[in-house]
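The values are calculated or read from the model by the stated rules, or taken from the named source; none is laboratory data. Here the structure is a predicted model, which is why all the values come from computation and not from measurement. So basically every Cβ, Gly included, is an ideal-geometry build from the backbone, and we count neighbours across all protein chains shown. Accessible surface areas use protein heavy atoms only, side chains included; no ligands, DNA or RNA. Shrake-Rupley method; radii C 1.70, N 1.55, O 1.52, S 1.80 Å.
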Amino acid sequence: MKVSEITQDVILSHLREYADNLEYYDTVLLETIKKAAIEYCKSQTGLVEAEIDKHEDITVAVLTLISDMWDNRSMTVQKNSVNIVVDTILGMHRTNLLPTPDAGVV
């Protein structure tokens, strides 16, 4: 599954939530969280959405981030570490930390 194919139903299934149990603002929040998770993956990898869609494992990272953001939306998180699964998947696709041939030596 591609990141662009993640629907509300896919998210709810991943979270083990039922649409009937959610209020309208919960569904709005889930859409906002989805956008934030995708933006996080883009910023961490340097990839654009079309490039992210070429790597189906990034879908797992997005869903994991969504789950983490959903679970921790109303409590203080005591750890400040990145999820190892997300970091490993995104690390395999990072392009924004590679030197470019046109980068001058300062």
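Of note:
- Matching residues, segment 18-42, being open to solvent by 50 Å² or more (accessible area, probe 1.4 Å) and touching a residue at least 40 places away in the same chain (Cβ under 8 Å): Leu29
- Residues in segment 69-106 that are within 17 Å of Gln44 (Cα to Cα), modelled with pLDDT of 75 or more and part of a helix (DSSP H, G or I): Met69, Ile84, Val86, Asp87, Thr88, Ile89, Leu90, Gly91, Met92.
- Residue list for segment 8-17, restricted to those being surrounded by 11 or more Cβ atoms within 10 Å (Cβ to Cβ) and either in contact with a Cys (Cβ under 7 Å, 6 or more places away or on another chain) or outside any helix (DSSP H, G or I) (or both): Glu17
- Within segment 2-16, residues that are of a type in the set (A, V, I, L, M) sit with their Cβ atoms under 8 Å from residues that are part of a loop (DSSP other than H, G, I, E, B) and open to solvent by 40 Å² or more (accessible area, probe 1.4 Å), at 6+ positions apart or across chains, in these pairs: Val10/Met1; Leu12/Tyr18.
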